[in-house]
Amino acid sequence: MSAAATALGEAARPLDAVVGMVRRNGWALALLAFLALLLIFTKVIQPRYGVAGAQALAISALPLALAAVAQAICVIGGGIDLSIGSMMALTSVIAAVQMKGQPEEFGVVVVLAVLVLGLILGAINGAVIVFTRVPDIVVTLAMSFVWAGFALLVLASPGGGSAKWLRDIILGPFLNEWIPKSAIVLIVTVGLVWIPLRRSRLGLSIYAVGSNRLAAFRSGVGVGRTKIAAYALTGLFAALAGLGLTASTGIGTPVPGPYTLTSVAAIVLGGVSLAGGRGGVLGPIVAVLILQLIRSDMTFLNVDTNLAIVAQGAILIGVVMFGSLLQLRRARR
Amino acid sequence: MTPAAAVPRASTLRQVDRLFRDRPVVPLVALLALLVLLYEVARPGVVGPTWASGIVAFAIPLAILAGCQTLTMLTGGIDLSVGAVASMAGFVTATFVAQPGGWELGVVIALAAALAAGLLNGVGVGVFRVHPLIMTLGVGLVVLGLANAWQIATVTSSTGVPEQIRTLGSDRFLDIFPYSLVFFAPLALIILVGLRRTGYGRLLYAVGDNPIAARLSGARAWQVLVVLYMISALMAALAGILLMGLTNVASVTLADSLVLPSVAAAVIGGTSIMGGRGGYGGTLVGALILQVISALLTALGQPEAVRQILFGAIVVLVAAAYTRVTAES
């Protein structure tokens, strides 16, 4: 099975490979084009938009982009995780509390421990879903209470601190003033996990389980195991997003932000099918950038930020309606 | 341990399972009684008519919102826009207090706005077949944003909770009988009877249980869903206005913290999120159970965090139990 997949991936001629890549990532590329147009539009309405703007965009998008990747993985595996925002809050406050006033080196231990914790939280979500057979939505909705509750127990009000190196990793430019460090962090962390995963047996299993559970089971995929692994990876990325929050704000906040909902919006915009088995992580990340940029554009246009929320909701609704309309027409044919 | 000895035990267990499956209200009421007993042990002498009426008054907005979830879950959906719609309705009403039309006009406008949000939900879910979770999340965002914009637009005019709504929401007849019950009892009755006795109620179960069979037998699912989400939004708006009267606060995020508990109450009450199974009776008991647990935890001096953890754990456990007993049938 994996031999066939690699043969498909590495096409004989380079041109075929390019065409194949464009075809497979068509939606993500269209989004990238839209992002480019949006950047030009931003520059037109705000001639001073430049280095500082790109910095702010990359830093504000980092936690959200990681949350969107987290959501994408479990949705591709046929699930949905409504506890991502709560897991982010929990990992963020734990990191902030442990790092406050500690030596820099200890921060490394904390970061690694928090990442392991994220894997465990996600695995718990997945295990509860697999063993109780309660729908994913109900379990993760309930677990979002649980994780948020623990976050409040760890830290009752925003506080804590962040190791300086962790902040330095994401704040400021890298080599060239136009390249924000947080963008590099995003690309490296997602690339380090996603690319090997996509090529691995587990990655293939996640897609298989998401697109057809029964067929995957009959082809010998351990459905339960795969599901738990997918949720564990979701937890890992939620922990990364939580660390991103701590690093960018310098403190931990126990009340979950709107990250769960926005992550769902981002993956839908990013071309991940909620039915599972379809999509990647590039689309959702670009979608996050678009959503954030629309937000700042509205500020430049002196539009009320609340209407920006309205626009975000309207875009979400419009895209999913359009998407399902296409699906309906395809189904009727 | 002979097989003969094991058989009776297994059959009693199965009887309990069957009771749980067919009449979930019975074990739920037992659980409620147990919780009240626990409260009496924790705080001797507090449990009484006044205490009960307090619990009921606070459970009513939650029960109405849980009703939105019950109805939508019966068709395999969910309505996560109830928090935004409820808060919006309360807030819009409050902004009309000092206006020419008075708060009555505010209520009318709030209900109309809620119906518009419900229509949008219904068209998205019913006509465009968008996943209800996504659709209602998106509409919730839109409503929240518009309510915020409205807040800024009306920032100069004075807002306040109208006297009459405060009376309706928080006062009690003879210190015992909450006025909101006068409002809520008929609503609950309409839902209970409507689900069991009317064609529309049966259509909700049919669409949720087996959409294809429902379509083949002539049900127009999209019409059912459009009306359903409008009803849900209307109920959410009423819950928001009541909640404003109860808490004497008007804010655009007032009801947000009730969204997840409303789903929890419906799930505890035995309504399946997959559709086609459940009812409002269980939901009412579910809302009361959640309210008593909250009161119990407050009485024990436990922080909000513990309440959240416990709510989450209870939902998973109860849902797992339901899944177990229904899978066996």
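Which residues in region B:180-223 have a backbone N closer than 17 Å to a point placed 7 Å from the Cα of A:Leu328 along the Cα-to-Cβ line? Counting backbone N atoms under 17 Å from the label point, the list is B:211-212, B:215-216, B:219-223.
Against the empirical curve 2.2 N^0.38 Å, the C-alpha radius of gyration of chain B lands at a ratio of 1.05.
The slack between A:Arg133 and A:Phe300, meaning 0.36 nm per residue of separation minus the straight C-alpha distance, is 55.3 nm. Sorted on the mean count of surrounding Cβ atoms within 10 Å across their residues, most packed first, peptides B:28-34, B:225-231, A:214-220, A:76-82 read A:76-82, B:225-231, B:28-34, A:214-220. Using just its DSSP H runs of length 4 or more, each adding -39500 (n - 2.57), chain B gives a mean residue ellipticity at 222 nm of -25500 deg cm²/dmol after division by all residues. The tail of the calculated P(r) for region A:10-97, taken as Cα-Cα distances beyond 22 Å, holds 55 percent of the pairs.
Near A:Phe174, the amide H atoms lying under 5 Å from its own belong to A:Ile179, A:Lys181; only residues 5 or more places off or on other chains count, and H is placed 1.01 Å from N. So for region A:48-332, considering every pair of alpha-carbon atoms, how many percent are separated by more than 28 Å? Beyond 28 Å sits 36 percent of the P(r) for region A:48-332. Taking θ as phi - 60° and the Karplus parameters 6.51, -1.76 and 1.60, the scalar couplings of region B:309-317 work out to 4, 5, 4, x, 4, 4, 4, 4, 4 Hz in sequence order, x denoting glycine and proline.
With N the number of residues in region B:218-303, Rg(Cα) / (2.2 N^0.38 Å) evaluates to 1.31. Between A:Gln55, A:Gln46, A:Gln292, the Gaussian network model of chain A with springs among Cα atoms under 10 angstrom shows the greatest mean-square fluctuation at A:Gln46.
Note on region B:1-139: the C-alpha convex hull projects to 14.9 nm² when averaged across all orientations.
Against the main long axis of the alpha-carbon atoms of chain B, helix B:259-268 sits at an angle near 30°. What share of Cα pairs, in percent, lie more than 16 angstrom apart in region A:128-200? Cα-Cα pairs of region A:128-200 separated by over 16 Å account for 72 percent. Whole Å is fine, so just give me how far the alpha carbon centre of region B:229-256 lies from that of region A:11-46. A separation of 44 Å, based on Cα centres. Against chain B, whose longest principal axis is taken from its Cα atoms, helix B:49-74 shows a tilt of about 80°. Between A:Met87, A:Met298, A:Met143, the Gaussian network model of chain A with springs among Cα atoms under 10 angstrom shows the greatest mean-square fluctuation at A:Met298. Stokes-Einstein diffusion of region B:68-122 at 37 °C, 0.692 mPa s viscosity, Kirkwood radius from Cα pairs, rounded to a whole number: 274 µm²/s.
On a per residue basis, the convex hull of the C-alpha atoms belonging to region B:184-329 measures out at 131 Å³. How far is helix B:179-197 tilted off the main Cα axis of chain B, in degrees rounded to 10, range 0 to 90? On a 0 to 90 degree scale, this one is about 50.
Taking a sphere under 12 Å around the Cβ of A:Leu233 and counting the other residues whose Cβ falls inside, with K and R at +1 and D and E at -1, yields a net charge of +1. For chain A, the relative contact order works out to 32 percent when only alpha carbon pairs closer than 8 Å and six or more residues apart are counted. Normalising by residue count, the protein assembly as shown has a Cα convex hull of 204 Å³ per residue. The mean sequence separation of alpha-carbon pairs under 8 Å and at least six residues apart, normalised by the residue count of region A:54-176, gives a relative contact order of 40 percent. Taking chain B as a Gaussian network of alpha-carbon nodes connected by springs under 10 Å, the highest mean-square fluctuation of the residues B:Phe128, B:Phe96, B:Phe177 belongs to B:Phe128. Taking a straight Cα-Cα cut-off under 15 Å and skipping sequence neighbours fewer than 8 places away in the same chain, the aspartates and glutamates within cross-link reach of A:Lys164 are A:Glu104, A:Glu105. Here the contact order of chain B, divided by its residue count and restricted to Cα pairs under 8 Å and six or more residues apart, works out to 33 percent. If R0 equals 56 Å, the separation of the Cβ atoms of B:Gln302 and A:Ile184 corresponds to a calculated FRET efficiency of about 0.80.
Membrane-span-like helices in chain A (whole DSSP H runs, Cα extent of at least 18 Å along the helix axis, mean Kyte-Doolittle hydropathy of at least -0.5): A:26-45, A:51-76, A:84-99, A:104-132, A:136-154, A:181-199, A:223-249, A:282-300, A:305-332. The separation of region A:165-232 from region B:278-329, counted between C-alpha centres, amounts to 35 Å.
Throughout, read-outs are computed from the coordinates displayed, never taken from laboratory work. Since we're looking at a predicted model, the values are computed, not measured. Positions of Cβ are backbone-derived with ideal geometry, glycine not excepted, and every protein chain shown enters the neighbour counts.
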